[in-house]
Amino acid sequence: MRRLLAPVALLLATAACSTVPTTPAASDAMISPILTTPDALDSQTHARPQEARVTHVALDLALDFARKTVAGSAALDVLVRPGAKEIVLDTKGLAIARVTDGAGRALPFTVGAPAADKPEMGTPLTIALNGARKVRIDYTAPADASALQWLSPEQTAGGEHPFLFSQGQAILNRSWIPTQDSPGIRQTWEARITAPKPLDVVMSGVRQGEAEDLGDGRRAFRFMMDKPVPPYLIAIAAGDIDFQALGPRTGVWAEPAVLPEAAREVGDTEQMVAAAERLYGPYRWGRYDMIVLPPAFPYGGMENPVMTFLTPTFIAGDRSNNGLVAHELAHSWSGNLVTNAVWGDGWLNEGVTSYFENRIVEEVYGKKRAEQEAALAFANIEETLREVGADAPGTALHNDGKGELVGSAIAYDKGHFFLRTVERTVGRERFDAWLRQWFDNHAFQPATSRMLLDDMRANLARSPAEAAALQLEEWIFAPGLPANVVRPDPAAFAEVDAAVAAYARGGTIPAAYSGWTSAERMRFLDNIPKQRSAAQLAELDRALGLSQTRNNEILFLWLELALANRYDAAIPQAERFLGTVGRGKFVRPLYEVLWSGGEWGQGHATRIYARTRDSYHTVTREGIDRVMRRR
Ligand code: BES
Ligand code: ZN
């Protein structure tokens, strides 16, 4: 950290002697440093934060469910280097009505052209500051804003009211908030949001007081995030939702029809927060609430501060998919507190979090479950390396843009096994102390791979020889798996692996299945022979109750196996699943197996997708579009 103070001091010094008053929220707020080293240069923003940067965002927005638009204003506090004349923001499809300074004077602005080869980047909004330290942008976000998904009442459990949620990561928020949309540029924020009654609004900030009735059928909700966060973590959801408290600082929101089962499923959350704090230090965000969204939500979960967003598809009735909650909670340290400065270092968020998740699972559910979940993660790495090749460039943790990152196996699972290997090599006690100081010393700041590596050398390894034994460079910058990898204990799945072998040999269906853990069932379904006849599939389903399961992870594996084998009997259920669930991790692979299943599968895929495409979030839709255009 000390090393970085010089370039940072430049901007902080400007902050200290700024005479322009800022909002009360911003004036006493922390200002996070930006990094200025080449490895921290974000190629996915138009912003030039060394010249001028946003430190606080104040939104005043109205949600219009009929038009599917969000309109109003964003007032930004800006910090400029002496002599800088303009500020560059990220926008995507926003209709900018006017830009003014703190006194209401118009400021000249230009909206650049989108790059033909990078439409996802959106367009730079360049504003001439004319000395202003506050700029206000009046704008409307388009109905097709890529961060926003507007659900029809039919897409909700209640069926009566529409629903809206946002998904900012990685670079989608510029489609509804004009600011500097980079994980390395942290900003505090506040918002006033109006919505039609009876909808409730939640955000990834702390709600301020009760909703204000505006007397015109609408209400205004106020939120505040007084800790600097990267803008991808600004999130909103609105719908017919209720709240249930879980513990003193935890709770869950969901549609009334879903709330009881949602609250039951996440009943261990307070314990998880306590476990996480014991491991790596205080939870610094105040409350930890969650919202269980309608099934169209494109991810399993999203770590929006103080308000984790969750898919309802993790609800299994037995808390067996609660690694998801542990994961999003862990991001309150890895990701939200210490954030990858650039998305090419996404493993700093996801890999460190996957390791942390596993430690929470071990604390709350015990060693056996944690070991089994780690073994599944390791199998995912091995399978991916087999598919893409152990030296494919996209299999390095640090992504330099030369290779596509391959699914979740690298950033998540290889990242997890990197930390696990370091932990097992130096011992848990030393490792935990190191990770805790990493979070403490970089709290509310961006970080890069190089910084983590240097920090391990300086603050973890006791000698150059020990540092060398960790193979840090290789883990982070080289493809494949380094030789020192600590593999999962083969005993974790010894019984299941024997059952897989017995089934493959003689078709013996394991009688023990009904007593197995969820991870054991997944291991079995993942590893049995992929080619099955209709009779064999029917027998598996009958014996194991696969199509009847309440666990969507298991149901997904069953549907994938069934569709890969052109099993007609699975089509109605697959069609129902694809018609309600929008979680990319489930639906993309199902379209994929259909699409590779010749005329049979392509016919079904085309018919189902014609009906479902409009109901998916843009990220899910784009993923499937890529699958289906490939012939
Ligand atoms: N931050 C991610 C979701 C994400 C990743 C959104 C990349 C956009 C781009 C979230 O924390 C996550 O990892 N979700 C997983 C959960 C799982 C690993 C337990 C998911 O959605 O499946
Ligand atoms: Zn994550």
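What follows is calculated from the coordinates using simple rules that are stated; it is not laboratory data. No experiment lies behind these values; they were computed from the predicted model shown. Virtual Cβ from ideal backbone geometry, glycine too; neighbours counted across all protein chains shown.
Things to note:
- Antiparallel %, DSSP beta bridges [both residues in region 151-304], to 5: 85
- Gain upon complete extension [D391, A257; 0.36 nm per residue less C-alpha separation]: 43.4 nm
- Amide H contacts for M307 (H built 1.01 Å from N in the peptide plane; partners 5 or more residues away or on another chain; cut-off under 5 Å): D289.
- Cα-based helix-to-principal-axis angle, 347-365 vs the chain, degrees rounded to 10: 60
- Each helix, a run of at least 4 DSSP H residues, gives -39500 (n - 2.57); summed and divided by the residues of the chain, these come to -11000 deg cm²/dmol at 222 nm.
- Under 5 Å from the amide H of V338 lie the amide H atoms of F444, each residue being 5 or more positions distant or on a separate chain, with H modelled from the backbone and absent for Pro and chain starts.
- Label zone at A483 (point 7 Å along Cα-to-Cβ), backbone N below 18 Å, region 414-448: 421-422, 425
- With q set to 0.10 Å⁻¹, the log10 of I(q)/I(0) for region 105-264, from the Debye formula over equal scatterers at the Cα positions, is -0.46.
- Placing a label point 7 Å from the Cα of D454 along the Cα-to-Cβ direction, the residues of region 36-61 whose backbone N falls under 18 Å of that point are 36-42.
- For peptides 335-347, 237-249, 96-108, sequence by mean Cβ density within 10 Å, most packed first: 335-347, 237-249, 96-108
- Rounded if a/c under 1.5, otherwise prolate or oblate - region 320-383, Cα gyration tensor axes: oblate
- Top positive-direction residue, dipole computed over the chain with Cβ charges, set P446, G158, A263: P446
- Here the Karplus curve 6.51 cos²θ - 1.76 cosθ + 1.60, taken at θ = phi - 60°, turns the phi angles of region 431-438 into couplings of 5, 4, 5, 5, 5, 5, 5, 4 Hz, with x standing for Gly and Pro.
- Coupling constants for region 181-190 follow from the phi torsions by the Karplus curve (6.51 cos²θ - 1.76 cosθ + 1.60, θ = phi - 60°), and in residue order they are 8, 10, x, x, 10, 7, 9, 7, 8, 9 Hz; glycine and proline get x.
- Burial order of peptide ranges 171-180, 450-459 (average beta-carbon count within 10 Å, highest first): 171-180, 450-459
- Summing Lys and Arg as +1 and Asp and Glu as -1 over all other residues whose Cβ lies under 14 Å from the Cβ of A610 gives a net charge of +1.
- Cβ-derived FRET efficiency at R0 22 Å, D440 paired with E466, nearest 0.05: 0.45
- Computed E for D213/A95 - FRET, C-beta separation, R0 30 angstrom, nearest 0.05: 0.55
- Between the alpha-carbon centres of region 476-549 and region 63-134 there is a gap of 53 Å.
- Computed from backbone phi, the HN-Hα couplings of region 96-110 come to 8, 7, 6, 10, 10, 9, x, 9, x, 7, 5, 10, x, 8, 10 Hz, rounded to whole numbers (Karplus: 6.51 cos²θ - 1.76 cosθ + 1.60, θ = phi - 60°; Gly and Pro given as x).
- Distance from the Cα centroid of region 39-58 to that of region 276-298 is 27 Å (rounded to whole angstrom).
- Rg over Rh, two decimals, region 558-631 (C-alpha only, Kirkwood Rh): 0.91
- Average Cα contact separation per residue, the chain, under 8 Å, 6 or more apart, as relative contact order %: 11
- Separation of the D614 and A543 label points, Cα + 7 Å toward Cβ, nm: 4.5
- Largest first, the extents of the alpha carbon coordinates of the chain on the three principal axes equal 80, 65, 50 Å.
- Alpha-carbon centroids, region 157-211 and region 588-631: separation in whole Å: 30
- Per residue, the convex hull volume that the Cα atoms of region 129-187 enclose (Å³): 123
- Estimated Rh, region 26-77: Kirkwood, alpha-carbon pairs, angstrom: 13.9
- Under 5 Å, built H, 5+ apart or other chain: amide partners of S204: A235
- Binning all Cα-Cα separations of region 332-454 at 10 Å, short to long from zero, yields these whole-percent fractions: 13, 44, 35, 8.
- Computed packing ranks the peptides 55-62, 144-151 as 144-151, 55-62, most packed first, by mean other Cβ atoms within 10 Å.
- Note on A128/D400: beta-carbon distance plugged into 1/(1 + (r/R0)^6) with R0 of 51 Å gives a FRET efficiency of 0.90.
- Stretching T37 away from R284 to a fully extended chain increases their span by 86.2 nm, per 0.36 nm per residue minus the current alpha-carbon distance.
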